[in-house]
Amino acid sequence: MRKIIIAGNWKMNMLFTEVEDFLFELSDNLEEKNLNSVEVVICPPSVYLELSSDIADDSKFFIGAQNVNDNSNGAYTGEISAAMLDSMDIPYCIIGHSERRKYYAESDEVINAKLKKLHENEIVPIFCIGETLTQREQNITKDIILSQLNGGLKDVKIEDNVIIAYEPVWAIGTGKTATPAQAQEIHALIREWLEENYSKDVSGNTPILYGGSMNPENVKELLIQPDIDGGLIGGAALDVSKFSSMVATAVEL
């Protein structure tokens with residue numbers, strides 16, 4: 001049975017003075033909960049990884065990075081390698097987020113290289129895919145999703161070491177959310193692709209998260225869909241009460 005994963009992506013938010021308060025409060029909120037079926041992940045800005053990881057060591061949540069470079073090392077000022085993340089015992093890393101694709105022109109080829117570097121260092125990628133509003137209106141959503149899967153996972157062996165996050169770009173930070181039926185349709189498509197290209201076991205064991213304005217009001221309706229295994233949460237992950245509430249909902253399912 002796949003675990004539910006509730007992951008918070010802080011993006012470029014939070015000041016150093018706010019991080020400890022948030023994480024200690026989250027730790028307290030999770031302390032009495034039975035999280036056997038739920039995994040909680042926080043992805044802070046890279047400058048907070050060490051602090052966050054130290055707090056997570058004594059808590060019931062895990063830490064993930066928001067990005068990684070596709071090279072092993074070298075003259076790449078400001079970048080972070082997978083080996084660096086591994087040396088800090090960071091277990092997860094987001095790649096392919098729509099904001100990286102849009103603002104930094106990251107291609108499927110680059111994302112594929114990043115994923116492979118993470119695997120070389122035994123870090124689980126949270127691999128993001130999704131269509132824009134224009135692409136949805138053109139009725140090419142499925143083509144875009146399949147193209148991103150084929151490109152991002154090219155020559156990648158999957159066991160229990162990839163998390164896929166479907167994030168319709170038109171629903172990120174807009175307050176708009178794909179309906180449960182819309183989200184489920186694409187999650188089912190992804191799972192079918194995994195079975196066709198890998199195996200039924202890989203399809204059945206790979207968590208697929210929904211990312212796109214998930215919040216305390218819609219989290220239950222989304223999580224009860226058969227192929228939605230959690231959320232990659234942006235705005236609501238910056239409010240510890242809202243985020244903790246979403247975890248509590250997941251625990252109750």
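Values quoted throughout were computed directly from the atomic coordinates according to the rules given, and no laboratory measurement underlies them. Remember, it's a predicted structure, so these values are computed and weren't measured experimentally. Cβ sites come from the backbone with ideal geometry, for glycine too, and all protein chains shown count toward neighbours.
Using a Gaussian network model of the chain in which every pair of alpha carbons under 10 angstrom is joined by a spring, one finds that among 71, 205, 34 the greatest mean-square fluctuation is at 34. Result for the chain in a Gaussian network model with C-alpha springs under 10 Å: among 203, 147, 87, the largest mean-square fluctuation is at 87. Between 178, 105, 75, the GNM of the chain built on Cα springs shorter than 10 angstrom shows 75 fluctuating the most. Measuring nothing but how far apart in sequence close Cα pairs (under 8 Å, 6+ apart) lie, relative to its length, region 214-253 scores a relative contact order of 52 percent. Determine the distance separating the Cα centre of region 29-88 from the Cα centre of region 156-204; give it in Å without decimals. Here the two parts' Cα centres lie 22 Å apart. Subtracting the Cα-Cα distance of residue 139 and residue 71 from their residue separation scaled by 0.36 nm leaves 20.9 nm. Taking other residues whose beta carbon is less than 11 angstrom from the beta carbon of residue 112, and scoring Lys, Arg as +1 and Asp, Glu as -1, yields -1. The mean sequence distance of close C-alpha pairs (under 8 Å, at least 6 residues apart), as a share of the length of region 92-193, puts its relative contact order at 30 percent.
One chain, two ends: residue 17 and residue 179. Fully extended at 0.36 nm per residue, the span grows by 54.6 nm beyond their Cα-Cα distance. Of the GluC sites (Glu not before Pro) in region 61-148, the ones in a loop by DSSP (not H, G, I, E or B) with at most 14 other beta carbons within 10 Å are 122. Using Cβ point charges alone (K and R +1, D and E -1), the dipole size of region 4-252 about the Cα centre works out to roughly 800 debye.
Convex hull volume of the C-alpha atoms in the chain, normalised per residue: 118 Å³. Could you compute the net charge surrounding residue 4? Neighbours are other residues with a C-beta less than 13 Å from the C-beta of residue 4; K and R count +1, D and E count -1. Result for the local shell: 0.
Take the Cβ-Cβ distance between residue 188 and residue 87 as r, set R0 to 45 Å, and report the resulting FRET efficiency rounded to the nearest 0.05. Efficiency at R0 = 45 Å is approximately 0.70. Take every Cα pair under 8 Å whose residues are at least 6 apart in sequence, average their separation, divide by the length of the chain, and the relative contact order is 22 percent.
Full extension of the chain segment joining residue 160 with residue 27 gains 45.3 nm, where the gain is 0.36 nm per residue of separation less the Cα-Cα distance. The GluC sites (Glu not before Pro) of region 16-48 that meet both conditions, a loop assignment by DSSP and at most 12 other Cβ atoms within 10 Å of the site Cβ, are 32. FRET efficiency for the pair residue 54 and residue 225, taken as 1/(1 + (r/R0)^6) with r the Cβ-Cβ distance and R0 = 35 Å, rounds to 0.45.
For the peptides 242-248, 51-57, the ranking by packing is 242-248, 51-57, with the highest mean count of neighbouring Cβ atoms within 10 Å listed first.
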